[in-house]
Amino acid sequence: MKHLLFATLVGWSSFAAYAAEDILIGQTADFSSVAATQMRDFNAGALAYLERVNAAGGIRGRPVKLVSLDDAFSAEKASGNARTLIKDRKVVALFGTRGTDPTEAVIKVAQENDVPLIAPITGADSVRASGVVFPVRASYRSEVDEMLKHMSISPVKLAVLVQHDKFGDPLYQYIVERTKKTYPNINLVGKVSFERKSADLKPQAQQILNLDAQTVIALCNPSSCESFSREMFSLARASGHSRPTIYQTSITDIYAQFAKLGPDVVGGNPYSQILPDPNRIHLPITKEFMATASRKPGLVVNYRTLEGYVSAKVLVRALEQAPTISARGIHSALEGMERQDLGGIVVRYSKGDHQGSNFVDLVTLDKRGRLIH
């Protein structure tokens, strides 16, 4: 499949004559796999914020343009796209990659060229190990810690469903360490693994039922988590066994899973989120986001669009504070930010510490699909 070039905000050809004035931000991300809807939502939120900025005059009179290439969740394509964006498109920063493997591939290119990567959509440890990466979302470890804290109120037996890759395996080891050192009430009774591309997780669901676990942390991609949740519900109902409570990370789209599986399967299971509820205007950032969404009828209001919006806001803060609109200037601005309040969500960056946000919330849906905290 040919790379798709997404001209964002306005058509590329319409403004070719003014390209020298544009601040070009590069993006390689997954716009064509089974999970591409999440990426399109992220970009819709990011573009909504950039449109506001450009309508107000841009950055020092220059519009910000996001040049996006499709990598279809392929690390090899992501690497090639990143080189194209840096060498040919002359972008001053990279933005909004998706997934651990593609992001790690992009990080290598970014490091070779000293170009900052802002707001990758992954909470993997490798992201925070690089000096050129500035994550916005909380880490997967922060999400797992919130789950463990929540379930440890009383003694509980925990099993872990582990996707056998760079996402699942390190997080499982982290769970082992945390339950030993910090959560004596949690009895880790077993680990059940699967390969990332597995479509049928019925055997894994049966293994976890056999462990008699009361809770499960499901470290899986959206498709696998959907299959596991469905099979767990069916097996428990058929056998009369109590269904364990299933915790899932922010990788899973809670609303999409609810639409496919229904309230009986999804209801009551906790899902971690790395941003506040986008439909509640109790924080300045969500109030601002909802006001923007009200002026854009086509903008879907969900966690992913809010993440794109917040991520673009961090990007713009860096551009505003950069001594020069260049890769080096943006990197310098980000490391000098220290603490940035985006309207109730705080990100932190400094030399040697590119933490981003620590915000994690646990939510579920009721029978009518309404969010419960």
Quick one: in segment 164-186, which of the residues that are in a loop (DSSP other than H, G, I, E, B) and under 15 Å from Ile251 (Cβ atoms) is farthest from the chain's Cα centre (by Cα)? Asp165
Unique match (being part of a loop (DSSP other than H, G, I, E, B), under 28 Å from Ile246 (Cα atoms) and charged (D, E, K, R)) among Arg280, Arg304: Arg280
Going through segment 50-73 in order, the residues found to be part of a loop (DSSP other than H, G, I, E, B), touching a Lys or Arg at 6+ places or on another chain (Cβ under 8 Å) and modelled with pLDDT of 95 or more are Asp71
Inside segment 341-358, the number of residues satisfying the requirement of being more than 22 Å from Asp125 (Cα to Cα) and crowded, with 18+ Cβ neighbours inside 10 Å is 1
Among what's in segment 208-263 and is in contact (Cβ under 8 Å) with a residue 60 or more places away in the chain, hydroxyl-bearing (Ser, Thr, Tyr) and part of a loop (DSSP other than H, G, I, E, B), pick the residue that is farthest from Asn302 (Cα to Cα). Thr249
Picking from Arg348, Arg328, Arg370, the residue that is farther than 29 Å from Pro244 by Cβ, charged (D, E, K, R) and more than 18 Å from the chain's Cα centre (by Cα) would be Arg328
Counted residues in segment 289-340 being among the hydrophobic types (A, V, I, L, M, F, W, C) and closer than 30 Å to Tyr271 by Cα come to 13
Say we look at segment 254-287 and pick out the residues that are more than 21 Å from Asn358 (Cβ to Cβ) and among the polar types (S, T, N, Q); which of these is surrounded by the most Cβ atoms within 10 Å (Cβ to Cβ)? Asn269
Of the residues that sit in segment 359-373 and are touching a helix residue (DSSP H, G or I) at 6+ places or on another chain (Cβ under 9 Å) and surrounded by fewer than 14 Cβ atoms within 10 Å (Cβ to Cβ), which one is nearest to Ile118 (Cα to Cα)? Asp366
Being out of contact with any strand residue (DSSP E or B) (no Cβ under 7 Å at 6 or more places or on another chain), acidic (Asp, Glu) and at pLDDT below 95, is that true of even one residue in segment 253-260? yes
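The values are calculated or read from the model by the stated rules, or taken from the named source; none is laboratory data. Please read these numbers as outputs of a predicted model, since none were measured by experiment. Neighbour counts run over all protein chains shown; Cβ positions are idealised from the backbone, glycine included.
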